[in-house]
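Following: one structure in structure tokens, then a few remarks.
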Amino acid sequence: MKLVVGLGNPGKRYDGTRHNVGFDVVDVLASRWQASMLTEKFHAWFGDAVCGDERVVLLKPTTWMNRSGQAVAAAGRFYKLEMADVLIVADDLALPLGRIRFRSKGSAGSHNGLQDVIDRLGGNDFSRLRVGIDKPIGVPSVFVLSRFTEAEEMEMAASRKRAADAVEHWICNGPESTMNRYNSDPVEP
């Protein structure tokens, strides 16, 4: 069993914002796998699906970004998961718009949601997929809550799909293969 968690903030006000890219990627996966995300469980919107031969739990925490670890820890305890079975999808200010970066462990950087997950799980040995939202223009806390421009949104649609592909690859092939395949620039058609 795998747990895939997209980080974001709940509520219509935050739909489509840069900080909610993790939610968006989980929505792409839920659509692909025909998983309903209408149930609330573990302080999150919850979906249950199958990818390949693997059961996958999808979560979008309703605890607000900076308390995302509460949902991750609750689901992890309930399903008795190892950290290696957890993947967090989050936005990243340090990556260029649309780039994705997969890691099997590491620090939170400046991401408060990831830091809360690390704090509540008691370690950083879970996988994370960061999706670039570009360097902030102005105050970072305001920038992450802004929406993409029309041109940026076109690029982000492809990025969300590529991020969802990377999640599926991780489930079926593991972290090392996912890093090798998805941490390079996407091939232009």
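Each residue in F148, F23 was given a count of other beta-carbon atoms within 10 angstrom of its own, and listing them fewest first yields F148, F23.
With a simple spin-label model that places each label point 7 Å from the Cα along the Cα-to-Cβ direction, the separation between E176 and M1 comes to 2.7 nm. Take the alpha carbon gyration tensor of segment 18-105, find the square roots of its eigenvalues, order them as a ≥ b ≥ c, and report rounded if a/c is under 1.5; if not, report prolate when a/b exceeds b/c, else oblate. Verdict is rounded for segment 18-105. Working from label points 7 Å from Cα in the Cα-to-Cβ sense, the D185 to E54 distance is 2.9 nm. Here H169, H19 are placed in order of increasing Cβ neighbour count within 10 Å, fewest first, which gives H169, H19. Name the shape class, rounded, prolate or oblate, that the alpha-carbon gyration tensor gives for the chain, where a ≥ b ≥ c are the square roots of its eigenvalues, rounded holds for a/c under 1.5, and otherwise prolate holds if a/b is larger than b/c and oblate otherwise. Taking the square roots of the gyration eigenvalues as a ≥ b ≥ c, the chain is rounded.
Listed from fewest to most Cβ neighbours within 10 Å, the set L3, L38, L114, L145 follows the order L38, L145, L3, L114.
Note on N112 and S31: the model spin-label points, each 7 Å out from Cα along the C-beta direction, lie 2.9 nm apart.
Each value in this text was obtained by applying a stated rule to the coordinates, not by laboratory testing. Here the structure is a predicted model, which is why all the values come from computation and not from measurement. Ideal geometry is used to build each Cβ from the backbone, glycine not excepted, and the neighbour counts take in all protein chains shown.
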